[in-house]
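Heads up, the thing below is written out as structure tokens.
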There are 2 protein chains.
Amino acid sequence: MADLLLRNIRPYAGAPTDMLLQAGRIARIGKGLTAPEGVAVEDGRGDIVLPGLVEAHTHLDKSLWGLPWYVNEVGPKLLDKIDNERMNKRALGIDPYRQSARQSIQSSLMGSTHIRSHVDVDTEHGMWGIEGVMRTRDEYRDIVDIEIVAFPQSGLLRRPGTLELMDEAMKLGAEVVGGLDPCTIDRDPKGHLDAVFALCQRYGKPLDIHLHEPGEVGAFSMDMIIERTRALGMQGKVTISHAFCLGTPDPALIDPLIAGLAELDIAIMTTGPASRPAPPVKKLLEAGIRVCSGSDGIRDTWGPYGNADMLERAMFIGLRNNFRRDDELRLGLDVCTCQGARVMEVAGYGIDEGFIADLVLVPGETVAEAIVTRSPRRRVIKRGKIVARDGVSIRTAP
Amino acid sequence: MADLLLRNIRPYAGAPTDMLLQAGRIARIGKGLTAPEGVAVEDGRGDIVLPGLVEAHTHLDKSLWGLPWYVNEVGPKLLDKIDNERMNKRALGIDPYRQSARQSIQSSLMGSTHIRSHVDVDTEHGMWGIEGVMRTRDEYRDIVDIEIVAFPQSGLLRRPGTLELMDEAMKLGAEVVGGLDPCTIDRDPKGHLDAVFALCQRYGKPLDIHLHEPGEVGAFSMDMIIERTRALGMQGKVTISHAFCLGTPDPALIDPLIAGLAELDIAIMTTGPASRPAPPVKKLLEAGIRVCSGSDGIRDTWGPYGNADMLERAMFIGLRNNFRRDDELRLGLDVCTCQGARVMEVAGYGIDEGFIADLVLVPGETVAEAIVTRSPRRRVIKRGKIVARDGVSIRTAP
């Protein structure tokens, strides 16, 4: 692994300094460092240096990135979208390997160094998605770390055979067990949650469950997740994604849930959605809860939005949470960097000596400015190596 | 006024065609047009052509654009923000002429051809804002049309002397009367509304009133606005900006208001705010109500967001209203173009022979793609003249 000396960079837009990257780690930070013999030197030109961005919730297997424009005429219900996608995936050419590789490169160009991807497991396509994204995970390891969540997108119990496929996905090497709306999709919260927690227990893996259910029904499902996390000793091993129910403006409903999440170190993922109730990021962070974020689906049959830019996502979190002060905007960035790493159990993440050398360089005066302008990514660094310069990756997409 | 032949452009991403612009209007649209003698030809390279974007709600006089980064440490209340701004405006160097000129050029670069700007009128700064933005309006008329709303940002009745200044602003040449939260800021809804409607009557000008008041109190104020619009025969002459109360999820509250707005042709302005209740755009359009949009404040002491990009604003409206289908995204674009022109009473706006030649060219396969990628503005055309090419304006900022 080649070493690198970064000169004239500003950690979090602070005073200019230098940084020596050795063996994939930040070896030293300080002004006027000299490059050891044979170590390349990169002039940071006074750019801001931030921890590599963390894309903690996306769907690498289903993006239409690089394919002809998909004209969306899908019906309004959740099941319309689920069925439309499953039934048209092959005809549209959504090959999970190729598409996940394309999105991963886009993600890396935008400064992400870690990705957690939910990957569909269903009776129509079996292991197609898991195998495709595993191949991308292995082939593109030099530019980004990918963690795979086996995700029963079409339902777990309502489509017999899916649970067995989830088991197979975990055997194949998925790193996280997924789940989905135990009340409103599977219509059997006890059955669904018992099944996914059992998979976690069998494989010793964490859980990341989609919970779109709003209001009281979402609160009910969340409470059942909290209950099982406690009973099974899975503290620190559970993430609840979306968690719209936490956006209910009723402290009597959500404060007990927040207390439970904090007690059991259950993490929350929010995209900062504009059209749905959203978890209150500042309140969760103040309660000591790990909060991460992600792009969710990027240009897929569900919707056309998304560009894999987690700096823009920090802006969306700011807009959604009415963050206006510079210190508030910084919270959004933390969610999209170090907090995400904590959720993905990446130790030693951030800007400090000894930490992983996953970094991104952006021009700008302040961190808040970099966020709201979605400052261009000048350099993206993965394990001490420059993997993208000015929007050009060292890897090409299939 | 020089004429221009645009070749190989695709109106709304349709089939490629040509377009002859003469005397500031779209003279002809058709394949294989020949340029009359002496008329310049511009190759559109297959770009999408859209109507010029319409920035129907911003605050040109208060942007910090081009100034050093303002570290926002302002308190959480609305009055904190109002007082902070009024008191620090001069010290921060927010000269209304210079700053409005800077933002207007940025707006033009992003494809906007019309701007409605609210401009502060208060006892601290008098006509400073109005005179500054009037100067910009006059000096930059070649690239963008600016309409000025006299805006009592600090309150109308609660600060004696403001009403007289509003009167002075209208005399000076403001085109629209502004107002602000008659209950929660002035705490005298009858007094406030009677005063602003009287100004409209005295000067024969339309009204555009900020109404942030949510829920029942906003509905009450809106009802009083509807009542006065009817009584004074001001159909088609009133805009309500923000109108958060219309985001209340209670048809019993909002349906009667929507009926009143439709009956009296009262327009609604929404930014598609992620953190506040928002007017339901599709429902309003279906009721025949004119709906426009705007950036609101851009990088000011209120908050750091904004880049004057009304194509991005169309995306924000889509995200806020959960628009996913291509036909829904197009609604967002219409709000940011032709609907905005209707609110500003610009006749003959859109892409058709005889209409004003205010246009923007963007690359892309479909309109939805142009919106979600916020496609670069290749050419911006104002009254038939190219005023920006690839992000470079024909004008420079002071």
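The values are calculated or read from the model by the stated rules, or taken from the named source; none is laboratory data. Given the structure is predicted, the values throughout are model-derived calculations rather than measurements. All Cβ positions, glycine included, derive from the backbone under ideal geometry; neighbour counts span all protein chains shown. Each accessible area value is taken on the protein alone, full model and side chains, heavy atoms only, with ligands, DNA and RNA left out. Shrake-Rupley method; radii C 1.70, N 1.55, O 1.52, S 1.80 Å.
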Cross-link partners among lysines for A:Lys282, C-alpha distance below 22 Å, same-chain residues fewer than 8 apart left out? A:Lys237, B:Lys77, B:Lys81
For the range A:356-398 and the range B:264-327, compute the distance between their C-alpha centroids and round to whole Å. 31
Restricting the count to DSSP beta bridges whose residues both fall in the protein assembly as shown, what percent are antiparallel, rounded to a multiple of 5? 40
Could you tell me the center-to-center distance, by alpha carbons, between the range A:26-61 and the range B:1-69 in angstrom? 43
Please give every one of the lysines within straight-line cross-link reach of B:Lys190, meaning a C-alpha to C-alpha distance under 18 Å, and leave out same-chain neighbours fewer than 8 residues apart. none
A correct Kirkwood calculation over the Cα atoms of chain B returns a hydrodynamic radius in Å of 21.3
Can you compute 3J(HN,Hα) from phi for each residue in the range B:276-287, using the Karplus curve 6.51 cos²θ - 1.76 cosθ + 1.60 with θ = phi - 60°, rounded to whole Hz and x for Gly and Pro? 10, x, 9, x, x, 4, 5, 4, 5, 4, 5, 7
Let me check against my output: what whole-number percent is the relative contact order of chain B, with C-alpha pairs under 8 Å and at least 6 apart? 22
In nm², the average projected area of the convex hull spanned by the Cα atoms of the protein assembly as shown is 33.9
The answer for the net charge of residues other than B:Pro51 whose Cβ lies under 11 angstrom from its Cβ, with Lys and Arg +1 and Asp and Glu -1, is -3
Run the helix sum for chain B: -39,500 (n - 2.57) per DSSP H stretch of 4+ residues, divided by residue count, reported at 222 nm to the nearest 500 deg cm²/dmol. -10000 deg cm²/dmol
Sorted by accessible area (1.4 Å probe), largest first, how do B:Val121, B:Val217 line up? B:Val217, B:Val121
Within the range A:1-86, the percent of DSSP beta bridges that are antiparallel, given to the nearest 5, stands at 55
Please provide three numbers in whole Å: the alpha-carbon extents of the range A:193-294 along the principal axes, with the largest listed first. 37, 24, 23
May I ask you to give the percent of accessible area on chain B that is carbon plus sulfur, with a probe radius of 1.4 Å? 52
Per-residue average of Cβ from other chains inside 10 Å of B:269-280: 3
Which whole number gives the average, over all residues in B:323-330, of C-beta atoms from other chains lying within 10 Å of the residue C-beta? 5
So for chain B: antiparallel DSSP bridges make up what percent, rounded to the nearest 5? 40
With a 1.4 Å probe and every protein chain left in place, tell me how much accessible area B:Tyr97 has, in Å² to the nearest 10. 30
Other chains near B:72-79: what is the mean number of their Cβ atoms within 10 Å of each residue's Cβ? 2
Just how large is the dipole of chain A about the Cα centre, in debye to the nearest 20, putting +1 at every Lys and Arg Cβ and -1 at every Asp and Glu Cβ? 700
Report A:Glu73's accessible area, 1.4 Å probe, all protein chains in place, as a number in Å² to the nearest 10. 130
Can you find, among A:Ile29, A:Ser295, A:Pro280, the residue sitting farthest towards the positive end of the charge dipole of chain A, where Lys and Arg contribute +1 and Asp and Glu -1 at Cβ? A:Ile29
Assign unit charges at the C-beta atoms only (+1 for Lys and Arg, -1 for Asp and Glu), then state the dipole size of the range A:201-269 relative to its Cα centre in Debye, rounded to the nearest 20. 440
